[in-house]
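Scroll down for the structure; my scribbles are underneath it.
The values are calculated or read from the model by the stated rules, or taken from the named source; none is laboratory data. If you're wondering where the values come from, they're calculated on a predicted model, not measured in any experiment. All accessible areas refer to the heavy atoms of the entire protein, side chains included, with ligands and DNA or RNA removed. Shrake-Rupley method; radii C 1.70, N 1.55, O 1.52, S 1.80 Å.
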Amino acid sequence: TKVTFAPNGQQVTFGSNVFAECKKLTTIDLPATISYFDGTVFAGCDAINTIIVDEKNEHFATFNDALYTKDYSEILYYPKALDGDLTKLHENLQKIGNTVFQDNPNIKKVHFSKNIVSIGAYAFENCYNMTAITFEAGGTGMYIANNAFASCDVLKTIELPAYTTYIGASAFEGTPLT
């Protein structure tokens, strides 16, 4: 139920889907030697509820059991076993990485702070319980990538901010908005 790497090991790079569909995996303990992370590494590992990053890691950190870049400007992985309360995201967050919240049944409403400037491809795709999206006023730019909110079947409300600069192809495809 836990993946741990020996301390002081070699530089570690994960390929896509390395631990995919490990249904009983609950804890990830990332070493200081990992420098690249792709969200597909733990695709389908829906029981993960704890992420630990070695404090000596120069690239990554955790906050409320989600994986971020070291400066907390980008969220890279949000376990599906967490409660979906996105008010618990780090205050320095600016970018939501690709596929971070994809297929997450616990996300119901999203309110983006004015600090958010980018929502990655497929970031919220198939969040089938998400009903509303709002944005805080006063931001400086908003980039919404392709398929960012695609297939959110019950999404009924979105108030795009005036500072939206780009909306990618199929961003809202398969939602009641289209």
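A convex hull fitted around the alpha carbon atoms of the stretch 4-111 yields 92 Å³ per residue. Please find, in a Gaussian network model of the chain (springs between Cα atoms separated by less than 10 Å), the residue of Y68, Y77, Y166 whose mean-square fluctuation is greatest. For the chain, modelled as a Gaussian network with Cα springs under 10 Å, the answer is Y166. The relative contact order of the chain, computed from alpha carbon pairs under 8 Å that lie at least 6 residues apart in sequence, is 13 percent.
Computed over the stretch 90-138, the Cα gyration tensor eigenvalues convert (square root of 5λ each) into semi-axes of 18, 13, 8 Å, ordered from largest to smallest. By the equivalent-ellipsoid construction on the alpha carbon gyration tensor, the stretch 124-178 comes out with semi-axes of 19, 13, 8 Å, ordered largest to smallest.
Bridging of K23 to lysines at a Cα separation below 17 Å is possible for K2, K80, once same-chain residues fewer than 8 apart are set aside. Here the accessible area is traced with a 1.4 Å probe on the protein chains. For the chain, carbon and sulfur cover 48 percent of it. Which value results for Rg/Rh of the stretch 28-178 when Rg is the Cα radius of gyration and Rh the Kirkwood radius based on the inverse mean 1/r? Here Rg/Rh amounts to 0.96. A 1.4 Å probe run over the stretch 26-178, with the rest of the protein chains in place, finds 45 Å² accessible per residue. For K56, the aspartates and glutamates whose Cα comes closer than 19 Å to its Cα, not counting residues fewer than 8 places off in the same chain, are D29, D65, D71, E74. Relative contact order of the stretch 46-104: 29 percent, from C-alpha pairs under 8 Å at least 6 residues apart in sequence.
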